[in-house]
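Bear in mind that the values in this text are calculations on the coordinates, not laboratory data. Quick caveat: nothing in here was measured; it's all calculated off a predicted structure. Cβ placement follows ideal geometry from the backbone for every residue including glycine, while neighbour counts extend to all protein chains displayed.
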């Protein structure tokens with residue numbers, strides 16, 4: 001019998017004895033008793049368990065390295081990820097062990113997944129597009145490429161809703177004392193004041209803007225076009241223009257079409273694919289405007305909100321409009337490559 005002195009700290013020799021007992025199938029409590037009886041060393045069952053656990057963890061980690069993970073395993077992981085792109089490394093690890101008897105760590109699974117080409121990204125949502133609308137998007141973009149569409153005489157119009165918000169998208173916080181725990185959240189009213197905004201952009205500049213409240217119906221939409229679009233086109237597009245609008249029911253109602261025919265602009269309206277906000281450059285203008293309001297204006301009253309919108313619109317130059325519209329020439333090829341599916345824009 002080896003002669004060990006009783007210590008509080010477990011020496012390498014004692015660790016070796018613990019591993020030998022463990023390989024014989026003894027429990028941690030039994031190993032603790034055997035150490036005291038045969039080796040004159042007193043310790044706790046938890047200390048023995050920590051030694052055993054560390055050794056077993058190292059063994060499992062080594063089991064997943066080297067040639068044990070083969071190409072077939074990578075292909076299986078890839079197929080599982082294709083079936084469920086949200087599957088976690090822990091689930092993959094357990095499935096590898098259960099179905100393939102392959103023992104690897106979470107960290108090694110994450111490394112394998114990265115090597116295969118899978119990248120984690122915060123989920124971003126886009127509009128759900130039906131099969132019919134995908135075909136319409138693809139056909140529209142293919143035609144635009146075939147005729148080498150320039151959009152030089154097109155006015156892109158749209159509406160958006162702006163909510164009064166005085167908090168930006170990013171903020172930093174600092175506790176005044178160690179006892180204070182400020183939440184990393186900004187307060188927001190349950191029902192914020194909202195306004196609706198209509199506007200349009202073209203290669204020749206912006207239209208007049210309309211800020212309004214309430215529900216917009218076909219009649220109100222016609223009044224907006226009369227006061228803000230036609231006054232713009234009469235001076236900026238005297239030789240004619242084309243109108244790009246989405247397929248909202250108010251835009252294509254019988255009443256609106258009749259009014260457009262009366263003012264002689266119905267033939268100017270372009271046929272546009274449904275479910276295609278990425279094909280309307282003014283959507284990016286709205287995004288920039290809302291960021292400007294949240295980050296710099298931070299409106300706290302109705303007047304501040306309305307004035308902030310009007311101020312942003314007044315600074316929108318022809319060069320800015322050109323930059324936004326040029327973006328559509330990047331989107332169209334992506335729609336074609338995606339067979340009408342949503343793009344990253």
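Observations, loosely collected:
- Of the residues making up the stretch 96-117, those that are under 28 Å from the mean Cα position of the chain (by Cα) and either crowded, with 16+ Cβ neighbours inside 10 Å or part of a helix (DSSP H, G or I) (or both) are 106, 107, 108, 109, 110, 111, 112, 113, 114, 115, 116.
- Filtered residues of the stretch 306-345 (kept if surrounded by fewer than 13 Cβ atoms within 10 Å (Cβ to Cβ), outside any helix (DSSP H, G or I) and more than 27 Å from the chain's Cα centre (by Cα)): 315, 317
- Residues located in the stretch 74-95, provided they are surrounded by fewer than 13 Cβ atoms within 10 Å (Cβ to Cβ) and assigned to a helix (DSSP H, G or I): 75, 79, 82, 83, 90
- Hey, residue 288 within 21 Å of residue 345 (Cα to Cα) and out of contact with any strand residue (DSSP E or B) (no Cβ under 7 Å at 6 or more places or on another chain) or not: yes
- The single condition from (1) in a helix (DSSP H, G or I); (2) in contact with a helix residue (DSSP H, G or I) (Cβ under 9 Å, 6 or more places away or on another chain) that residue 303 fails is (2).
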